[in-house]
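A.B. asks: Below you'll find the structure I mean.
The values are calculated or read from the model by the stated rules, or taken from the named source; none is laboratory data. Fair warning: this is a prediction, and the values are worked out from it, not measured in the lab. Neighbour counts are summed over all protein chains in view; Cβ atoms, including those assigned to glycine, are modelled from backbone coordinates with ideal geometry. SASA here: full protein model, heavy atoms, side chains in, ligands and nucleic acids out. Shrake-Rupley method; radii C 1.70, N 1.55, O 1.52, S 1.80 Å.
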Amino acid sequence: MNQFFTRALELQEEFRTNRRYLHEHAEVGLDLPETTRYLMKTLQEMGYEPQEIAPCSVVATLGNGKGKTFLLRSDADALPMEELSGLSYASCTPGHAHTCGHDMHMAMLLGAAKLLKERESELNGNVKFMFQPGEEIFAGCRPMVEAGLLENPKVDASMAIHTDASMDLGELGTCVGDMSTSVDGFRITIQGKGSHGAQPQNSIDPVNIGAHMVIALQEITSRALNPYDMGVLTVGNFSAGKAPNIIPDTAVLQGTMRAATPKVRALMKEKVNTIVPLTAKTFGGEATIEWFYDIPSIHNDETLTPELIGYIKEGAGDLLDTYHMDLHISPSDDYALVAERVPSTFIMVGAAEKGSDHKYAQHNPRVVFDEDLLPRGAGLLATCAYEWLKNHGDK
């Protein structure tokens, strides 16, 4: 294995300390004051001058600003749920838990920042480190891009890694082209006419309209899409009324729509925009749709991705020993907003706890990530940035 992976193994306890502090102090959404403070302090202790370019959005740059720049990204937010892992360092914040592994991502990126700082004099260009809030709500990346993340110095290529609790330690997965789904959120407001529950003839029942609408929307993926295309539409919230004997005036449906390609995304959105008002009209009501998120698929660059995998295979030795090169994932990630602007690569890395038989996956309150991934991830990130700049920094 190369010097980055060797050094990362020597620093494993330091990486673990960072990870456990961040895990204990889980924060959600766009409001991460303690996480931000810890990241800023740790980077400053390494010799960086980090900046908070948007609220709770930390960026640090290594290099003199000349030549090309490679960006490494970590998300930083937790999920709004209780942790039931039983770990001694479980979240001490009620209702907040790092059950998606973003604490692991931060610790690995801090690790890469340390590894690269130690060899700054050898660096052929610049490395930019990105720690973003709000990934779980698809709201953290866009403000960073708008605040100039990809400028001063201009970013030429980027990568991000994500833990996967369903993959064994040492496994790695990616692909060329569109890897994740896009995500569009929607809120449908149905306007009906309320009445006494015993007199439905006097109503335009928005609950009934909503029920038909949910069923009709599910038919998009089962009947409108080619069976070889991938799309998912989920209605996760149906809100209406406050009493069992009152037909309410309104009902609200909220959900997400995901698609593997831009073509499928466009088709699904067209169908939703058609089905919703017509279904409401069929039963005498009206409906409006609000769209939000607007996150495309993560596109893995066709040239950059195999190049980075080559650097990893050459440098990691047996620390990373299984490579899945046709991995597509159904979750979405707003890192896609970086990937649509600069050549980028997104990689999943195995983090299943040894002996777990993959009992618990991400977003489960009992999930446990194997901390032996920390030096592997830090070494991987540092290797890719260093080697890419070595080969492209002067071009």
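A.B. asks: So how much slack lies between Ile53 and Lys193, counting 0.36 nm per residue of separation and subtracting their Cα-Cα distance, in nm?
C.D. replies: Working: separation 140, 0.36 × 140 = 50.40 nm, distance 4.80 nm.
Answer, rounded to one decimal: 45.6 nm.
A.B. asks: Could you identify which residue out of Thr383, Thr93, Thr181 has the top mean-square fluctuation in a GNM of the chain using Cα springs shorter than 10 Å?
C.D. replies: Thr93
A.B. asks: Quote the accessible area belonging to Ile309 in square angstrom, nearest 10, computed with a 1.4 Å probe and with ligands, DNA and RNA left uncounted.
C.D. replies: Probe radius 1.4 Å; accessible area of Ile309 about 10 Å².
A.B. asks: If you roll a 1.4 Å probe over the heavy atoms of the protein chains, what accessible area per residue do you get for the chain, in Å²?
C.D. replies: Details: 16600 Å² over 395 residues.
For the chain, the solvent-accessible area averages 42 Å² per residue.
A.B. asks: Given axes a ≥ b ≥ c from the Cα gyration tensor, I'd like to know whether the range 1-119 is rounded (a/c under 1.5), prolate (a/b larger than b/c) or oblate. Could you put the intermediate results ahead of the total?
C.D. replies: Numbers: a/c = 2.37, a/b = 1.44, b/c = 1.65.
Oblate shape, in that a/c is at least 1.5 and b/c is the bigger or equal ratio.
A.B. asks: When we measure straight from the Cα of Lys263, which lysines land under 23 angstrom away, once same-chain ones fewer than 8 places off are left out?
C.D. replies: Within the straight-line cut-off, Lys263 pairs with Lys271.
A.B. asks: Treating the Cα atoms of the chain as identical point scatterers in vacuum, please give the log10 of the normalised Debye intensity I(q)/I(0) at q = 0.06, 0.13 Å⁻¹, two decimals.
C.D. replies: Normalising to I(0) and taking log10 leaves -0.27, -1.05.
A.B. asks: For Thr35, Thr282, what's the largest-to-smallest order of accessible area, 1.4 Å probe?
C.D. replies: Values: Thr35 5, Thr282 100 Å².
Putting Thr35, Thr282 in descending order of accessible area: Thr282, Thr35.
A.B. asks: I'd like the GluC sites (Glu not before Pro) in the range 139-235 restricted to DSSP loop residues with at most 11 other Cβ atoms within 10 Å, sorted by number.
C.D. replies: Numbers: sites: Glu146, Glu151, Glu171, Glu219; in loops: Glu151.
Within the range 139-235, the qualifying GluC sites (Glu not before Pro) (loop, at most 11 other Cβ atoms within 10 Å) are Glu151.
A.B. asks: Another one. With angles folded into 0 to 90 degrees, how steeply does helix 373-392 sit against the dominant principal axis of the chain? Use alpha carbons for both and round to 10.
C.D. replies: 70 degrees
A.B. asks: Right, something else. What figure in square angstrom, to the nearest 10, would you give for the accessible area of His392 with a 1.4 Å probe?
C.D. replies: 40 Å²
A.B. asks: Pull up the DSSP beta bridges for the chain and report the antiparallel fraction as a percent, rounded to 5.
C.D. replies: Values: 44 of 67 bridges.
Of all bridge pairs located within the chain, approximately 65 percent are antiparallel.
A.B. asks: Could you tell me what a quarter of the Cα convex hull surface of the range 109-174 works out to, in nm² with one decimal place?
C.D. replies: On the way: hull surface 25.3 nm².
Dividing the Cα hull surface by four gives the mean projection, 6.3 nm².
A.B. asks: If the limit is 24 Å between Cα atoms, which of Lys41/Lys66; Lys68/Lys117; Lys117/Lys154; Lys193/Lys281; Lys41/Lys359 go over it?
C.D. replies: Working: Lys41/Lys66 26 Å; Lys68/Lys117 17 Å; Lys117/Lys154 20 Å; Lys193/Lys281 13 Å; Lys41/Lys359 36 Å.
Over 24 Å Cα-Cα: Lys41/Lys66; Lys41/Lys359.
A.B. asks: Can you figure out the FRET efficiency of Tyr228 with Glu118, using R₀ = 41 Å and their beta-carbon distance, to the nearest 0.05?
C.D. replies: Numbers: r = 48 Å, r/R0 = 1.18.
For Tyr228 and Glu118, the calculated efficiency is 0.25.
A.B. asks: List the GluC sites (Glu not before Pro) within the range 286-332 that DSSP assigns to loop and that have no more than 13 neighbouring Cβ atoms inside 10 Å.
C.D. replies: On the way: sites: Glu286, Glu290, Glu302, Glu307, Glu314; in loops: Glu302.
Passing sites in the range 286-332 are Glu302.
A.B. asks: Could you calculate the FRET efficiency of Arg341 with Asn202 from 1/(1 + (r/R0)^6), where r is the beta carbon distance between them and R0 is 51 Å, rounded to 0.05? Please report the intermediate quantities before stating the final value.
C.D. replies: Values: r = 55 Å, r/R0 = 1.07.
For Arg341 and Asn202, the calculated efficiency is 0.40.
A.B. asks: Quickly estimate the mean residue ellipticity at 222 nm for the chain, helices only: each DSSP H run with n ≥ 4 gives -39500 (n - 2.57), and the total goes over all residues, rounded to 500. Present the calculation step by step, with values, prior to reporting the outcome.
C.D. replies: Numbers: 10 runs with 130 residues, N = 395.
Helix-only estimate at 222 nm: -10500 deg cm²/dmol.
A.B. asks: Multiplying the sequence separation of Gln3 and His328 by 0.36 nm and subtracting their Cα-Cα distance, what value in nm do you get?
C.D. replies: Extra length from Gln3 to His328 when fully extended: 113.9 nm.
A.B. asks: With each label point set 7 Å from Cα along the Cα-Cβ vector, what nm distance links Ser239 and Glu10?
C.D. replies: It works out to 5.5 nm between the two label points.
A.B. asks: Moving to a separate point now. At each listed q (0.15, 0.29 Å⁻¹), what is the log10 of I(q)/I(0) that the Debye formula gives for the range 333-376 modelled as equal alpha-carbon point scatterers?
C.D. replies: -0.55, -1.00
A.B. asks: Which sequence of Arg73, Arg20 reflects their accessible areas, 1.4 Å probe, from the largest down?
C.D. replies: On the way: Arg73 5, Arg20 80 Å².
So the residues, ranked largest to smallest area, are Arg20, Arg73.
A.B. asks: Taking 1 over the mean of 1/r across every pair of different Cα atoms in the range 79-192, what Kirkwood radius in Å do you get?
C.D. replies: Numbers: mean 1/r = 0.0561 Å⁻¹.
Value: 17.8 Å, from the Cα pair sum.
A.B. asks: Which chymotrypsin sites (Phe, Trp or Tyr not before Pro) in the range 242-307 sit in a loop by DSSP (not H, G, I, E or B) and have at most 12 other Cβ atoms within 10 Å of their own Cβ? Working shown, then result.
C.D. replies: On the way: sites: Phe283, Trp291, Phe292, Tyr293; in loops: Phe283.
When the chymotrypsin sites (Phe, Trp or Tyr not before Pro) of the range 242-307 are filtered for loop state and at most 12 Cβ neighbours within 10 Å, nothing remains.
A.B. asks: What's the local net charge at Phe283, with K and R +1, D and E -1, over the other residues with C-beta under 15 Å away?
C.D. replies: Details: positive: Lys193, Lys281; negative: Asp205, Asp249, Glu286.
Computed value for this residue: -1.
A.B. asks: Moving on. At a probe radius of 1.4 Å, what is the per-residue accessible area of Lys114, in Å² to the nearest 10?
C.D. replies: Lys114 has an accessible surface of roughly 50 Å² with all protein chains in place.
A.B. asks: Starting from the alpha-carbon convex hull of the range 156-245, give the projected area averaged over all orientations, in nm².
C.D. replies: 11.0 nm²
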